[in-house]
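K.L.:
The structure under discussion is supplied below as structure tokens; questions concerning it will follow.
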Amino acid sequence: MVITNAKLRNKDGLWDISVKDGKFSAITAAGTSPDDEKIDAEGRLVIPPYVESHIHLDYAFTAGIPHHNMSGTLFEGIQIWSEHKTQAPLTEEYMKANIRKTLEHQISYGVQHVRSHVDISDPELLGLRVLLDIKKEYADRVDIQLVAFPQEGIFAYKNGAALLEEALKLGADCAGGIPHYEYTREYGVKSVEKTFELAQKYNKLIDIHCDEIDDEASRFLETVAALALETGLTNKVTASHTVAMHSYNNAYCMKLFGLLKKSGINFAVCPPENTHLQGRVDNYPKRRGVTRVKELLEAGCNVSFGQDSISDPWYPLGTGNMLRVLEFGLHVCQYTGYDDIANCLDIITENGAKTLNITDRYGIEVGKPADLLIINAKSDFEAVQYLSDVLYSVKDGKVIMKRVPSQVTLY
Ligand SMILES: [Zn+2]
């Protein structure tokens with residue numbers, strides 16, 4: 001297969017991208033490739049697939065059961081999900097149907113890599129077992145990485161630490177945590193240490209829900225970054241959300257940023273979700289509730305965006321469209337300088353791949369898996385401005401999604 005007349009990011013001219021045995025075999029100037037099965041990109045942007053670096057597949061499409069979130073807060077969301085688990089017990093088939101629907105949305109929007117957190121505050125670990133099955137079922141269309149996520153705490157939930165260990169043994173890819181939800185600051189720190197201890201024991205990545213609260217005194221990020229540095233796990237560690245940083249004072253942030261840069265950790269940020277959840281107990285002015293994305297990127301830290309939720313107890317909307325998440329995030333973080341927008345697709349492509357630790361097999365380069373998207377746009381700027389459609393999604397050299405652009409007639 002050859003993708004002809006492709007516009008590549010940060011490269012002048014048009015290119016032919018050849019694929020053989022599921023891998024990129026050559027990238028040559030347009031018009032020079034051999035006669036083969038061709039897809040003509042007609043000068044459109046060809047990019048590596050979108051990366052969803054933070055979502056909860058096991059929660060998607062469960063909004064309203066047993067009731068809707070009336071306060072719009074994170075804590076009511078956790079309460080509703082806990083009620084859902086006990087009052088309307090989850091079944092394997094119910095979860096699988098919701099997850100398949102979610103993945104099909106994501107695939108249709110060009111997502112091929114997903115890091116999903118999965119709730120392990122459950123003695124049966126049902127969500128994890130279901131997602132391990134789904135991961136195999138969808139392996140030819142989407143790569144799923146699973147974070148063992150102790151939604152109700154490692155110490156605040158009975159046997160939380162043992163369940164986390166069990167989940168890692170069963171096959172979760174990353175160890176999670178939620179230190180700001182533990183009963184005390186001390187338990188929070190202990191929970192982060194436990195996450196690191198188990199990740200090292202089972203050789204896993206780490207992704208911690210970190211300081212997802214409008215409390216300027218919530219400072220587990222410094223613990224996560226310090227441990228990442230001390231253990232040498234550095235970029236194998238991701239801090240998700242970090243919304244309390246929005247409220248830290250600048251003097252503390254100045255000191256903190258030195259550590260963050262040295263630690264090499266990644267940041268997964270969910271702009272629509274946290275704008276929806278945070279600031280709920282503020283009067284006006286209300287905090288936006290998203291971490292310091294612009295400053296982190298300018299400091300050289302890796303930041304990627306995630307949708308977090310699709311119609312669940314925490315967030316009522318969402319579609320799986322990463323361009324929508326990106327467009328929203330650029331606005332709320334004021335990451336809207338010309339150069340910021342001109343390179344913004346990094347946040348949901350390359351940066352996401354760094355967060356997931358998959359850069360060795362990600363990107364349009366000879367020898368790498370032939371995974372790509374053809375976007376109905378000529379540039380990052382146009383893609384985010386018009387929320388441009390993905391026309392083709394190709395994985396391992398096979399077309400897994402094709403879209404015919406809609407036609408509009410003006411009278
Ligand atoms: Zn989350």
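K.L.:
Looking only at region 179-205, how many residues end up being within 16 Å of the ligand (Cβ to nearest atom) and out of contact with any Gly (no Cβ under 8 Å at 6 or more places or on another chain)?
P.N.:
Number of matching residues: 1.
K.L.:
Related question: Could you go through region 132-149 and let me know if any residue there is in a loop (DSSP other than H, G, I, E, B), of a type in the set (Lys, Arg) and either away from the ligand (no atom under 16 Å from the Cβ) or closer than 28 Å to Glu350 by Cβ (or both).
P.N.:
Checking region 132-149: at least one residue is in a loop (DSSP other than H, G, I, E, B), of a type in the set (Lys, Arg) and either away from the ligand (no atom under 16 Å from the Cβ) or closer than 28 Å to Glu350 by Cβ (or both).
K.L.:
Given (1) within 16 Å of the ligand (Cβ to nearest atom); (2) closer than 25 Å to Ser191 by Cα, identify the lone condition not met by Ile99.
P.N.:
(2)
K.L.:
Looking at (1) within 19 Å of Glu212 (Cα to Cα); (2) surrounded by 13 or more Cβ atoms within 10 Å (Cβ to Cβ), which is the one condition that is false for His84?
P.N.:
Unmet for His84, out of (1) within 19 Å of Glu212 (Cα to Cα); (2) surrounded by 13 or more Cβ atoms within 10 Å (Cβ to Cβ): (1).
K.L.:
Any idea how many residues of region 262-310 are on the phi > 0 side of the Ramachandran plot, in contact (Cβ under 8 Å) with a residue 40 or more places away in the chain and more than 16 Å from the ligand (Cβ to nearest atom)?
P.N.:
1
K.L.:
Now a separate question. Let me confirm something: among His209, His241, which residue is surrounded by 19 or more Cβ atoms within 10 Å (Cβ to Cβ), at pLDDT 95 or above and at positive phi?
P.N.:
Going through His209, His241 in turn, just one is surrounded by 19 or more Cβ atoms within 10 Å (Cβ to Cβ), at pLDDT 95 or above and at positive phi: His241.
K.L.:
Moving on. Return the only residue of Val384, Val394, Val390 being out of contact with any helix residue (DSSP H, G or I) (no Cβ under 9 Å at 6 or more places or on another chain) and either within 21 Å of Arg44 (Cα to Cα) or not charged (D, E, K, R) (or both).
P.N.:
Of Val384, Val394, Val390, the one residue that is out of contact with any helix residue (DSSP H, G or I) (no Cβ under 9 Å at 6 or more places or on another chain) and either within 21 Å of Arg44 (Cα to Cα) or not charged (D, E, K, R) (or both) is Val394.
K.L.:
Further question on the same structure: Restricted to region 106-131, and to residues that are of a type in the set (Ser, Thr, Tyr) and not in a loop (DSSP other than H, G, I, E, B), which residue is farthest from Asp308 (Cα to Cα)?
P.N.:
Ser108
K.L.:
Hey, does region 157-169 have a residue that's in the same structural domain as Cys210 (by TED's automatic domain parsing) and under 21 Å from Val243 (Cα atoms)?
P.N.:
Taking every residue of region 157-169 in turn, none turns out to be in the same structural domain as Cys210 (by TED's automatic domain parsing) and under 21 Å from Val243 (Cα atoms).
K.L.:
Then there is this: Looking at (1) within 16 Å of the ligand (Cβ to nearest atom); (2) within 21 Å of the chain's Cα centre (by Cα), which one does Ile154 not meet, given that it meets all the others?
P.N.:
Condition (2) is where Ile154 drops out.
K.L.:
For region 397-407, give me each residue that is at pLDDT 95 or above and surrounded by fewer than 16 Cβ atoms within 10 Å (Cβ to Cβ).
P.N.:
Lys398, Val399, Lys402, Arg403
K.L.:
For region 102-131, name all the residues that are among the polar types (S, T, N, Q) and either closer than 13 Å to Val147 by Cα or more than 16 Å from the ligand (Cβ to nearest atom) (or both).
P.N.:
Selection gives Ser108, Gln112, Ser116, Ser121.
K.L.:
May I ask you to list the residues in region 50-78 that are within 16 Å of the ligand (Cβ to nearest atom) and free of Cβ contacts under 8 Å to residues at least 60 places away in the same chain?
P.N.:
The answer is Phe75, and nothing else.
K.L.:
Only one of these conditions is not met by Tyr338: (1) free of Cβ contacts under 8 Å to residues at least 60 places away in the same chain; (2) aromatic (Phe, Trp, Tyr); (3) within 16 Å of the ligand (Cβ to nearest atom). Which number is it?
P.N.:
(3)
K.L.:
Still on this model: Just to verify a result, which residue in region 311-331, among those that are surrounded by fewer than 17 Cβ atoms within 10 Å (Cβ to Cβ) and under 25 Å from Leu373 (Cβ atoms), is farthest from the ligand (Cβ to nearest atom)?
P.N.:
Among residues in region 311-331 that are surrounded by fewer than 17 Cβ atoms within 10 Å (Cβ to Cβ) and under 25 Å from Leu373 (Cβ atoms), the one farthest from the ligand (Cβ to nearest atom) is His331.
K.L.:
Turning to a different aspect of this structure: Of the residues that sit in region 232-261 and are polar (S, T, N, Q) and either out of contact with any helix residue (DSSP H, G or I) (no Cβ under 6 Å at 6 or more places or on another chain) or within 23 Å of His56 (Cβ to Cβ) (or both), which one is nearest to the ligand (Cβ to nearest atom)?
P.N.:
Ser240
The values are calculated or read from the model by the stated rules, or taken from the named source; none is laboratory data. In this text the structure is predicted, and so the values were computed from the model without any measurement. When we count neighbours, we look across all protein chains shown, and the Cβ atoms used for this are built from the backbone with ideal geometry, even at glycine.
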